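Some notes on the structure that comes next.
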Amino acid sequence: MNTKVEFKPAKKTPFVADRQSDLSDQERVDAALNQFLRDTDFVTATYMESCIHCGLCAEVCHFYEQTGDPKYTPIWKLEPLKRAYKRESGPFSFIYKALNLKRKLTADELAQWQHLLYDSCTVCGRCSMVCPMGIDIASLISKARHGMFQAGLVPEELWTMAKKAQDEGSPLGVTAEVLQDAIQRMEKEYAVKIPLDKDQADILVSISSLEILNYTRTLADMARVMNHLGYSWTLRSDGFEASNPGLLAGGEAWQRASSKRLVDAAIACKARIVVIPECGHGYNAFRWQAANLYGKPLPFRIMHITELMAEGIRNNKLRVNRVNESVTFHDPCQVSRRGGATEAPRTVLTALGVDLHEMPAAGDLNWCCGGGGGVFDIQRADKLRYRSFRIKMEQVNQSGADKLYTSCSNCRQTFDDCAEHFDWDKHPNSLLELVADNLAPI
Ligand code: SF4
Ligand code: SF4
């Protein structure tokens, strides 16, 4: 019997971009181009002129690293933005245009770029860290997404969540009533007081819809830590959502509207500090971008919950019991590398007395979980995301730790999903939860 099996290479499925609105092809190109050029300020123009094509950014991007496919080279993902700049507004644009050295973008090219600007970039900023020319590729990816948003070329899942957040204040349908129900449940289950809608409080605490719906005890854990710290604090039903899908989709006006709800709620209760929960991109959107979008300095500090806990430990307000665990910590890109809060979780873990096993690349150079920047929500990106997650699994395994902790609910969601996909025994735990479970009597 002939047992030879004929090998047939798998057929490549053509990429089909999602489209919103009924703009014509030409209108999409014009909308993207206009936005690209509006976003091209002095800094962006300098970045566009600075690349020396060394390729270092490719080697540190998890999507390139796992596939070896040159199209995943970080700086290449910015080609539409670069081409628009060079052809339309750069110092030699007249030559580029006259000799057609940089072709005009087409609607089809833009649509194809949806895969590179969304599905295969978590905006983790690892490429920005290593670029010898200091090009902040991740921030340029976000700018390029602005153009895609204007052109109505956003992955449908991100568009839908961003629109829902814009229309209803939450990407997942968490209304003020849903929040109140969740608070009542947590108060009962954990015997903890969760203040809502106070007129005056030193601290406004925010929470993400993902935490309210999926990681439900986060509300109680936040309250237990805040009450232990002894602060006057509140949640507000007119501004509680920490996540900001407008940022992920590239809708700047929607991003601004989400931030403004939190800003207005903080001003309404005269808060001195706004605390962002374990939500990486929410922290980036509010800590580093809200004031610019608001147009003036904000009259309060913004802290990630991990920073607040670390500060509490430093000034002796937060007392924790020692925990006999061997742990490793996954740095969420938007909190550590992009957010600057790399030491804070280590201060907390040291106070807890755990046996900390750092991963081979930890802290500011950590490898991304692969699900940030909205990638987790884009279903067609699952295959690529799982592939890139192999790096993370290897790193966690190499640490030799028994338990894994992190401080971003989106990272947790990605780890949970990948653990199930790979039948891997490591599920991430929340650092906030670890602290809340080990508060020492004052
Ligand atoms: S930001 Fe992260 S995912 Fe995006 S291109 Fe850079 S390294 Fe890759
Ligand atoms: S690391 Fe910087 S200079 Fe080198 S190819 Fe990438 S963007 Fe260009």
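Return one quarter of the surface area of the convex hull spanned by the alpha-carbon atoms of the chain, equal to its mean projected area, in nm². Intermediate values should be presented prior to the final figure.
Values: hull surface 102.4 nm².
Computing the convex hull of the Cα atoms and averaging its projections yields 25.6 nm².
Could you state the principal axis extents of the C-alpha atoms in the stretch 16-152, from the largest down, to the nearest angstrom?
Computed over the stretch 16-152, the largest-to-smallest principal extents equal 37, 34, 23 Å.
Okay, which of the stretch 30-51 sit inside 19 Å, backbone N to the point 7 Å along the Cα-Cβ direction of Leu101?
45-51
Taking the Cα centre of the stretch 73-180 as the origin, how large is its charge dipole in debye, to the nearest 20, when only Lys and Arg (+1) and Asp and Glu (-1) carry charge on their Cβ atoms?
Numbers: 14 positive and 11 negative charges, 162 e Å.
That gives the stretch 73-180 a dipole magnitude of about 780 debye.
Quick one: which residues, 5 or more positions from Val320 or on another chain, have an amide H under 5 Å from its amide H? H modelled 1.01 Å from N in the peptide plane, none for Pro or chain starts.
Those lying under 5 Å, H to H, from Val320 are Ala440.
Do the sum for the chain: with -39,500 (n - 2.57) for every DSSP H run of n ≥ 4, divided by all residues, what is the mean residue ellipticity at 222 nm, to the nearest 500 deg cm²/dmol?
Numbers: 22 runs with 211 residues, N = 442.
Helix-only estimate at 222 nm: -14000 deg cm²/dmol.
Taking H placed 1.01 Å from N in the peptide plane, check which residues at least 5 places from Asn429 or on another chain put their amide H under 5 Å from its amide H.
Leu404, Tyr405, Thr406
Could you give the distance between the Cα centres of the stretch 341-420 and the stretch 48-76, to the whole Å?
Computed from Cα coordinates, the inter-centre distance equals 22 Å.
Using only the Cα atoms, what convex hull volume per residue in Å³ does the stretch 316-442 have?
On the way: hull volume 12.7 nm³, N = 127.
Taking only Cα atoms, the stretch 316-442 has a hull volume of 100 Å³ per residue.
Through the Karplus equation 6.51 cos²θ - 1.76 cosθ + 1.60, θ set to phi - 60°, convert the phi angles of the stretch 29-39 into ³J(HN,Hα) values in whole Hz; use x for Gly and Pro.
4, 4, 5, 5, 4, 4, 5, 4, 6, 4, 7
What lysines sit close enough to Lys260 to cross-link, taking a C-alpha to C-alpha distance under 18 Å and skipping anything fewer than 8 places away on the same chain?
Qualifying lysines at Cα under 18 Å: Lys163, Lys164, Lys270, Lys296.
For the stretch 226-372, what is the largest minus smallest coordinate of the Cα atoms on each principal axis, given in angstrom and ordered from greatest to least?
Principal extents (largest minus smallest coordinate, Cα): 45, 37, 23 Å.
With a 1.4 Å probe and every protein chain kept in, tell me what percent of the accessible surface of the chain is carbon plus sulfur. Display every interim value, and only then the final one.
Working: 9600 of 19060 Å².
Answer for the chain is 50 percent, counting heavy atoms of protein chains only.
Once amide H atoms are built 1.01 Å from N in the peptide plane, which residues 5 or more positions from Tyr231, or in another chain, come under 5 Å H to H?
Amide H neighbours of Tyr231, under 5 Å, 5+ apart: none.
Quick one: 3J(HN,Hα) in Hz for the stretch 61-74, Karplus 6.51/-1.76/1.60 with θ = phi - 60°, rounded, Gly and Pro as x.
Per-residue couplings from phi come out as 8, 4, 6, 6, 4, 8, 10, x, 7, x, 5, 8, 4, x Hz.
Kindly report the accessible area of the chain per residue (heavy atoms of protein chains, probe 1.4 Å, no ligands, DNA or RNA), in Å².
Per residue, the chain has an accessible area of 43 Å².
Excluding residues on the same chain fewer than 8 positions from Lys383, give the lysines whose Cα lies under 21 Å from its Cα.
Lys8, Lys11, Lys12, Lys71, Lys77, Lys392, Lys426
Hey, can you rank 108-118, 34-44 by average C-beta count inside 10 Å, highest first?
Working: 108-118: 20.8, 34-44: 16.3.
Answer by packing, highest mean first, reads 108-118, 34-44.
The values are calculated or read from the model by the stated rules, or taken from the named source; none is laboratory data. All figures in this text were calculated on a predicted structure; none of them were measured in a lab. With ideal geometry, Cβ positions are generated from the backbone for all residues, glycine too; neighbour counts draw on all protein chains shown. All accessible areas refer to the heavy atoms of the entire protein, side chains included, with ligands and DNA or RNA removed. Shrake-Rupley method; radii C 1.70, N 1.55, O 1.52, S 1.80 Å.
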